[in-house]
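Colleague: So that we are looking at the same thing, I have put the structure below in structure tokens.
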Amino acid sequence: MKEIEVRTRIVLKQEEELSDKEKQLLEAAKEATKNSYAPYSHFHVGAAVLLDNGEIMSGSNQENCAYPSGLCAERTTVFYANSLHPDTPINILCVCARDSSGDFTSRPCPPCGACRQVLVETEQRFGKPMRVLLYGKEGTYCLDSAADLLPLSFDSDFL
Ligand code: THU
């Protein structure tokens, strides 16, 4: 028998410990929650990406009465960025959410499984890690790579 251990490194930072660029990205993600269309869940998620060219783009979750037709903030934002800048890597993704109270969640908001799959392929596509910042009022989880969110991920090498 052989045992394989998978480890993920998460750094928990308070807002004042973020760099100026990270703070700017977090502000953009917070602002994006205001454009969320979430009449069913009342869970307003915002995401923002920092591109290699310095540009910040943001997006939010967009729901639909046929529930699976909606899309999470992370995929809305990453697909939007990749659609406009197909050759520009994403350096950092930042995510935050406001719940039905209107306040930001205490715990950092983690991406769903489908988003993780997309995030992993996004960084593979550009051949460089995408840092991930997950904001909550109690702190921000900082990960060095989207791959840290999804060990044993399925990738195109299997096809
Ligand atoms: N949602 C996101 O946009 N991102 C996440 O990380 C988790 C969930 C959205 C999907 C749906 O619109 C609402 O939050 C409730 O699941």
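The values are calculated or read from the model by the stated rules, or taken from the named source; none is laboratory data. These numbers were taken from a predicted model, which means no experiment stands behind them. Every residue, glycine among them, receives a Cβ derived from its backbone with ideal geometry; neighbour counts consider all protein chains shown. These area figures cover heavy atoms from the full protein model, side chains too; ligands, DNA and RNA do not enter into them. Shrake-Rupley method; radii C 1.70, N 1.55, O 1.52, S 1.80 Å.
Colleague: Looking only at residues in segment 103-151 that are small (G, A, S) and farther than 14 Å from T8 by Cβ, which one is surrounded by the fewest Cβ atoms within 10 Å (Cβ to Cβ)?
Modeller: G127
Colleague: Now for a different question. Kindly provide the set of residues from segment 29-78 that are more than 17 Å from P110 (Cα to Cα), small (G, A, S) and part of a helix (DSSP H, G or I), ordered by number.
Modeller: Passing the criteria: only S69.
Colleague: While we're on this one: Return only the number of the condition from (1) more than 15 Å from the chain's Cα centre (by Cα); (2) open to solvent by less than 20 Å² (accessible area, probe 1.4 Å); (3) not hydroxyl-bearing (S, T, Y) that L159 does not satisfy.
Modeller: (2)
Colleague: Of V49, V11, V95, V45, which residue is modelled with pLDDT of 95 or more, within 16 Å of the ligand (Cβ to nearest atom), open to solvent by 10 Å² or more (accessible area, probe 1.4 Å) and of a type outside the set (G, A, S)?
Modeller: Going through V49, V11, V95, V45 in turn, the sole match is V45.
Colleague: Would you please name the residue that is farthest from the ligand (Cβ to nearest atom), looking only at residues in segment 14-28 that are of a type in the set (A, V, I, L, M, F, W, C) and out of contact with any Phe, Trp or Tyr (no Cβ under 7 Å at 6 or more places or on another chain)?
Modeller: Selected residue: L18.
Colleague: Exactly one condition in (1) in contact (Cβ under 8 Å) with a residue 24 or more places away in the chain; (2) more than 10 Å from the ligand (Cβ to nearest atom) is not met by C112; state its number.
Modeller: Checking C112 against (1) in contact (Cβ under 8 Å) with a residue 24 or more places away in the chain; (2) more than 10 Å from the ligand (Cβ to nearest atom), the one that fails is (2).
Colleague: Could you give every pair whose Cβ atoms fall below 6 Å, whose first residue belongs to segment 60-71 and is more than 7 Å from the ligand (Cβ to nearest atom), and whose second residue is among the polar types (S, T, N, Q) and open to solvent by 60 Å² or more (accessible area, probe 1.4 Å), counting only separations of at least 6 or pairs across chains?
Modeller: Close Cβ pairs (under 6 Å, with a partner that is among the polar types (S, T, N, Q) and open to solvent by 60 Å² or more (accessible area, probe 1.4 Å)) amount to S60/N35; L71/Q62.
Colleague: Here's a follow-up. Are any residues in segment 61-75 touching a Ser or Thr at 6+ places or on another chain (Cβ under 8 Å) and over 18 Å from T122 (Cβ atoms), and if so, which ones?
Modeller: Selection gives Q62, E63.
Colleague: Can you confirm whether E5 is more than 16 Å from the ligand (Cβ to nearest atom) and at pLDDT below 95?
Modeller: For E5, the condition - more than 16 Å from the ligand (Cβ to nearest atom) and at pLDDT below 95 - is met.
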